[in-house]
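Here the structure comes first, spelled out in structure tokens, and everything after it is commentary.
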Amino acid sequence: MRDVIAGIRGRLFILMCKFFRRNIKIKEGLKIYKRLSIGGKGMVSIGSNCIVDGIRGDSIQHVTIDAYSPEAVITIGNNAQLYAARIAAKFQVTIGNNVLIEESGITDTDFHSIDRSRGNPVDENRDKCQINIGNSVSIGARSLITKGVAIGDNAVIAPGSIVTTSVKPGSLVFGNPARTIMQGQSVSE
């Protein structure tokens, strides 16, 4: 019954976006178990058969996707599983197919400077800040993916990792800052 309700929520959300949020494109098969919040004026695209959920036992955490600027583009591939994920873009965030993201943050900007002016960060642009996450990537709980990072296919980001540099395909990374623990082969083998 839970799956049926999630499927109905997904279809209603897709329908609402078609009529009221032209900047959001979602393919069929979306299942929403907990709240999905999409904000901003940028483009958001979600592939087919994606799952949106929170963290069991925590009624507050849900998936939030924000395309802050009108030029922002967030693309999420097919069969993505998002559990209390926070995805924010000022420029571009691209997430591949079959990705699992648990209670983690992904952001391509610092949002504001840390001085008293809280002005826009200097030297931020699409080429320097965009985030690319490959296919079949798993991102563990309480991890943070920062601007300018590319994560290769089949990589695993261990829980609590702060990823500030790119990750090669098939790697397992862990820590703050994240360091490679295993590299060059499929981690699932």
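Derivation of every value follows stated rules applied to the coordinates shown; laboratory data play no part. Keep in mind it's a predicted model, so treat the numbers as computed, not measured. All Cβ positions, even for glycine, are placed from backbone atoms using ideal geometry, and neighbour counts span all protein chains on display.
Computed quantities for the displayed model
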quantity	calculated
Among the listed pairs Lys31/Lys147; Lys27/Lys90; Lys25/Lys147; Lys18/Lys128; Lys147/Lys168; Lys128/Lys168, those beyond 26 Å (Cα-Cα)	Lys31/Lys147; Lys18/Lys128
Order of Asp123, Asp53, Asp3, Asp110 - criterion: other Cβ atoms within 10 Å of each residue's Cβ, fewest first	Asp123, Asp3, Asp110, Asp53
Candidates Gly134, Gly175, Gly148: whichever shows maximal mean-square fluctuation once the chain is modelled as a Gaussian network with Cα springs under 10 Å	Gly175
Selection from Met1, Gly140, Gly42 lying farthest towards where the dipole of the chain points positive, charges on Cβ	Met1
CD proxy at 222 nm, helix term only [per DSSP H run n ≥ 4: -39500 (n - 2.57); per residue of the chain; nearest 500]	-3500 deg cm²/dmol
Rel. contact order, % - alpha carbon contacts under 8 angstrom, at least six apart, the chain	12
Dimensions in Å of the chain - Rg and Dmax from alpha carbons	16.3, 52
GNM flexibility winner over the chain from Ser138, Ser59, Ser48 (Cα, springs under 10 Å)	Ser59
Sum of side-chain charges, Met43 neighbourhood, beta-carbon under 10 Å (Lys, Arg +1; Asp, Glu -1)	+2
Residues whose placed amide H lies under 5 Å from that of Asp66, excluding near-sequence neighbours	Gly39, Ile87, Ala88, Ala89
